[in-house]
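The values are calculated or read from the model by the stated rules, or taken from the named source; none is laboratory data. These figures come from a predicted structure and were not determined experimentally. Backbone-built Cβ (ideal geometry, glycine too); neighbour counts: all protein chains shown.
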Amino acid sequence: MTEPLEKRLEKAMAELHEAQEAVARTERELREASFAVLSSDRAVRATVGPQGELTGIEFLDSKYRDMSPQELAASVLEAASAARTKMNRHVMKAMAPFTEPSSNVPELKGFELDWERIFGPEVLRDDDETATARDTAASPGWRDALGEDEDGEN
């Protein structure tokens, strides 16, 4: 038996209202989000805000004093890039439910988002691939011995 049009419309409107509330909650959460990441040499911590903008740089343990300008710049860029990638992935995860079609109302399709166009191709690489590329560039052996992850945390 086919469901009456009025009932289907009522369901669609209720689901649309729920989706609008969920989008508003997600937007509020994302406006407050930030990520901080240590460079692989542990000399720099970069923090980015909700739009991937650089909001903070910390030079740790006076290591910067013994670095060349090029080394320091590379550490800053590495940490900032990794923090931005974390934020981008966080946004993608938060928005994922809105890209799925409705299970109750098949006519309500999810939003189509071109993540590669929005964030660039590097955000679509999985964590293992990104970590391998970063570790190949510079991975201090003492980090493995201490059991630390890529952010310098246990």
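Across segment 60-82, which residue is nearest to residue 35 (Cα to Cα) among those that are surrounded by fewer than 18 Cβ atoms within 10 Å (Cβ to Cβ) and charged (D, E, K, R)?
Looking at the filtered set, the residue picked out is 61.
Would you check which residues across segment 40-95 are under 18 Å from residue 117 (Cα atoms) and either modelled with pLDDT of 95 or more or touching a Gly at 6+ places or on another chain (Cβ under 8 Å) (or both) and list them?
Result: 84, 87, 88.
Could you please give the count of residues in segment 98-115 that are of a type outside the set (Lys, Arg) and loosely packed, with under 13 Cβ neighbours inside 10 Å?
Looking only at that region, the number is 9.
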